[in-house]
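Okay, so here's the structure we're looking at.
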Amino acid sequence: MKPFGVIDSVKTITLFSQEEPIKISIDGHSVEFTLSKKKDHSYTIKLIQEVKPEQETVIYFSNNYWCYAYPVGILDHKYFFKGELGVTVDNEKNQTEFKIWAPGPQEVYLELFKLDKLEEMNEEFHFKRKGKIRTVFVERNLTGYAYRFRIEGYGTRFYSTDPYGVAATRNGTHSVVFEQDKIIPEKWEIDRGPALDSFVDCMLYETHVKDFSSSWTGGLKYKGEYKSFTEHSQNRFEQDTALEHLKELGITHVHLMPVQDFKSVDEGIPDTYNWGYDPFLYNVPEGSYSTEPENPEKRIIELKELIKSLHDNNIGVILDVVYNHTYDLDNPFQKLVPFYYYRITEDGALSNGSGCGDEIAAERIMVRHFIIHSLKHWIRHYHIDGFRFDLMALFGEKTMKKIVSELRNEKNDLIIYGEPWMASFSSMKDKPFLKGSQKNLNIAVFNDELRDSLKGPPDNEQTGFVSGAYGKELDVCKGILGEISYSALLKGFASEPVETINYGSAHDNLTLVDKLIKSSKNVAFKHILRMAGLALGIVLTSQGIPFLHSGSEMCRTKLMDNNSYRSKKLVNEINYLGKYHYQVLFDYVKKLIAFRKNERLLRLKTADDIRSRVKILHAANQLIAFVINGDDKEVLIIHNASHYKTSFNREGKWHLKFFDFRAIDDSSYMVENEIEVTPISSTIAVKEYREEA
């Protein structure tokens, strides 16, 4: 490890080094200090005189080696800035202003380029300090110019894009001055997402731009691109695909895997693939999904067209956002304000709670400022309806509560949910945002407990309720009840049903069918299909917010790849022929979604409603039965995970709604007192009270 220091306060430095320092200089002048050892590889340095962030602080060692101390903790005392940063164009005055936050001792220059001559700098300006920020003011409209920052200091020179920039060239080599509200689709000013009475009315569908549209089976022109969401397409059997498939299925919101600019693909190579959880420019759309990655406007207008296309069809858009880490340290944060944006462990390493390295320090004032600014940018300029936070635990409770408060002030019906866990140990000081932290915040977390109780842990050979495991019934019941505190025996992590995202699979790990195949050795595939249908049926009939992994409704496989983040598109793409080959499963899921949307008893809004209306009748021996009592009806749902037909006794005359993976459209089809359930399936029946009178 190379030694370095971080300035914690005006008189305190933490030094990460195996060697003791012998001298410290501030702007070339030696200063007195005292030294105490913290750990094997770190020291606390107490300065006799105060240091300021803009002063260059150098630490010397006896072996003729030296290192810099970078302002970090000191910046949260009085050097933070609460105003707007980035580029502002004033058309009336024909002026352009650039604002950056870079409080250290470096000199920063603005370099301007013409878009067609990025190899040749056009003009240069020096950033001047103005209070807590630095500015460049140019007396003309620079819209359409590319720019970057040249940063000189700490004995080196860096080139950086603008962290607050909203447009960029291919692969993010340069930021671009762009008036984003000038490049918009037709009727963008009246574009809105679907109105919600409650978040439990959502039906979430997670997909990836390339997964959604790359396969030849989708019959799409714009394969792997934003514009695929604007097409009307069919497969070879004349079944709807892509956008038309979403409309037919009946989901309410598309959860888009990351479309913020990410660094792990070359945007100029069409067949490159990555999930996108390696962010670079947080306010810029990813260019590899654009028809013209080299054109900064195209990716912006095409993403807005995607969103408007979904909104026009009454489908909302959720962005999957990754503010917990960066791809690497070759980014604007580290170049402008070294080490401030990152958590550092006690031995001087970068914290790795994300499992990807380079963990963001969300608790720091200007990091939090950036995250909130960026999220508001997507709401204001892209009309986003909600956010899914990757590894939300790493934000910490204080920061997450601040984010929720700020965003709800911006859009009060914004959908917010995320992963209540981290991938590895974190050095964060705040309390992690885990399951339970979401209580009474009107945000949701993924219910991995229901996921695992349904099918077993995601990638191993363990089974769950639908695949024949005994003793999982009560765990499944907690999910069915929305994870609320229902009784002493059935007590989950949520205070209200809007706090749980119920799911059986997602982009991570094996797909639902692949997992069931792996964990169900020597089981016929026709039974695997029934297990998948049973799992999806439980998700769609549970209280809370249901979530589907795209393609699971038509038996999606990833060829047993449990981590396909950079696998070939053949592994990741959705095969729309599955809609034909597994049409029974698709029709079942479609009809269940419609039933859920039309039956308010499956979307109870409060924990009190669930406690008063839902009654568990049976939960043992691979059978779960429960009723939901309404004012004029009673809904009976029976989930049978055994390989044997069974029946359940419940007094009254019942309209069968779902039986053996088929919807019963004949309203006159009734059974009395005894309700049959076929192997590995669900039966749903409704009793109208007026018919009993």
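The values are calculated or read from the model by the stated rules, or taken from the named source; none is laboratory data. Because the structure is a prediction, the values reported are computed rather than measured. Note that we place each Cβ from the backbone using ideal geometry, even for glycine, and neighbour counts take in every protein chain shown.
Counting only strands (runs of 3 or more DSSP E) that fall entirely inside the range 113-178 and contain at least 2 residues that are acidic (Asp, Glu) and more than 30 Å from the chain's Cα centre (by Cα), the qualifying elements are 121-126. Tell me whether the range 351-360 contains one or more residues that are in contact with a Gly (Cβ under 7 Å, 6 or more places away or on another chain), part of a loop (DSSP other than H, G, I, E, B), on the phi < 0 side of the Ramachandran plot and at pLDDT 95 or above. No, that holds for no residue. Looking across the range 265-293 at every residue that is among the small types (Gly, Ala, Ser) and at pLDDT 95 or above, the one that is surrounded by the fewest Cβ atoms within 10 Å (Cβ to Cβ) is identified as 290.
Residue 613 falls short on exactly one of the conditions (1) of a type in the set (Lys, Arg); (2) farther than 26 Å from residue 455 by Cβ; (3) out of contact with any strand residue (DSSP E or B) (no Cβ under 8 Å at 6 or more places or on another chain), and that condition is (3). The number of residues in the range 44-67 being over 25 Å from residue 1 (Cα atoms) and either in contact (Cβ under 8 Å) with a residue 40 or more places away in the chain or part of a strand (DSSP E or B) (or both) comes to 4.
Would a scan of the range 24-31 turn up a residue that is in a strand (DSSP E or B) and closer than 17 Å to residue 344 by Cβ? Within the range 24-31, none of the residues are in a strand (DSSP E or B) and closer than 17 Å to residue 344 by Cβ. Could you list, ordered by first residue, the pairs with Cβ atoms under 6 Å in which the first is in the range 567-595 and at pLDDT 95 or above and the second is part of a helix (DSSP H, G or I) and among the charged types (D, E, K, R), at least 6 apart or interchain? Close Cβ pairs (under 6 Å, with a partner that is part of a helix (DSSP H, G or I) and among the charged types (D, E, K, R)) amount to 572/211; 573/211; 574/211; 586/553; 586/579; 589/553. Does any residue of the range 468-476 turn out to be modelled with pLDDT of 95 or more, crowded, with 24+ Cβ neighbours inside 10 Å and either touching a strand residue (DSSP E or B) at 6+ places or on another chain (Cβ under 9 Å) or within 20 Å of residue 626 (Cα to Cα) (or both)? For the range 468-476, residues modelled with pLDDT of 95 or more, crowded, with 24+ Cβ neighbours inside 10 Å and either touching a strand residue (DSSP E or B) at 6+ places or on another chain (Cβ under 9 Å) or within 20 Å of residue 626 (Cα to Cα) (or both): absent. Residue 110 satisfies every condition listed in (1) of a type in the set (A, V, I, L, M); (2) assigned to a loop (DSSP other than H, G, I, E, B); (3) within 24 Å of residue 334 (Cα to Cα) except (2).
Against the criterion of being touching an Asp or Glu at 6+ places or on another chain (Cβ under 6 Å) and more than 23 Å from residue 333 (Cα to Cα), residue 437 qualifies. Here the condition is being touching a helix residue (DSSP H, G or I) at 6+ places or on another chain (Cβ under 7 Å) and farther than 24 Å from residue 547 by Cα; of 223, 187, 210, it holds for 223 alone.
Table: residues versus (1) crowded, with 18+ Cβ neighbours inside 10 Å; (2) over 23 Å from residue 10 (Cβ atoms).
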site: 101; (1), (2): yes, no
site: 117; (1), (2): no, yes
site: 122; (1), (2): no, yes
site: 130; (1), (2): no, no
site: 136; (1), (2): yes, yes
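If you scan the range 631-685, which residues turn out to be surrounded by fewer than 21 Cβ atoms within 10 Å (Cβ to Cβ), small (Gly, Ala, Ser) and either in a strand (DSSP E or B) or at pLDDT below 95 (or both)? If the condition is that a residue be surrounded by fewer than 21 Cβ atoms within 10 Å (Cβ to Cβ), small (Gly, Ala, Ser) and either in a strand (DSSP E or B) or at pLDDT below 95 (or both), then 647, 652, 663, 667, 668 are the ones that fit. Taken residue by residue, the range 548-571 has at least one member that is over 22 Å from residue 659 (Cβ atoms), in contact with a Ser or Thr (Cβ under 8 Å, 6 or more places away or on another chain) and acidic (Asp, Glu).
Please determine, by comparing only the residues of the range 417-449 that are on the phi > 0 side of the Ramachandran plot and over 18 Å from the mean Cα position of the chain (by Cα), which one is surrounded by the most Cβ atoms within 10 Å (Cβ to Cβ). Selected residue: 436.
Among the residues of the range 395-448, those identified as within 29 Å of residue 382 (Cα to Cα) and of a type in the set (Asp, Glu) are 397, 406, 410, 413, 419.
Can you tell me which residue among 607, 625 is crowded, with 19+ Cβ neighbours inside 10 Å, among the small types (Gly, Ala, Ser), out of contact with any Leu (no Cβ under 7 Å at 6 or more places or on another chain) and closer than 19 Å to residue 476 by Cβ? One residue alone meets the criteria, 607. Across the range 365-402, the qualifying residues are those that are closer than 23 Å to residue 305 by Cα and small (Gly, Ala, Ser), and the one among them that is surrounded by the most Cβ atoms within 10 Å (Cβ to Cβ) is 386. Among the candidates 572, 563, the residue that is among the polar types (S, T, N, Q), touching an Asp or Glu at 6+ places or on another chain (Cβ under 8 Å) and farther than 20 Å from residue 254 by Cβ is uniquely 563. Checking the range 62-70 against the condition returns a match, with at least one residue being within 25 Å of residue 155 (Cα to Cα), under 39 Å from the mean Cα position of the chain (by Cα) and of a type in the set (A, V, I, L, M, F, W, C). Across the range 602-629, the qualifying residues are those that are under 29 Å from the mean Cα position of the chain (by Cα) and of a type outside the set (Lys, Arg), and the one among them that is nearest to residue 550 (Cα to Cα) is 602. Only one entry of 410, 397 meets the criterion of being farther than 30 Å from residue 227 by Cβ and in contact with a Lys or Arg (Cβ under 7 Å, 6 or more places away or on another chain), and that entry is 397. What are the residue pairs meeting all of these: first residue in the range 643-666, first residue closer than 17 Å to residue 538 by Cα, second residue of a type in the set (D, E, K, R) and part of a strand (DSSP E or B), Cβ atoms under 7 Å, and 6 or more apart or on different chains? Within 7 Å, the pairs are 663/657.
Cβ-Cβ distances below 8 Å connect the following pairs, each with a first residue in the range 246-271 that is free of Cβ contacts under 8 Å to residues at least 40 places away in the same chain, a second residue that is surrounded by 19 or more Cβ atoms within 10 Å (Cβ to Cβ) and of a type in the set (Phe, Trp, Tyr), and a separation of six or more residues or different chains: 265/273.
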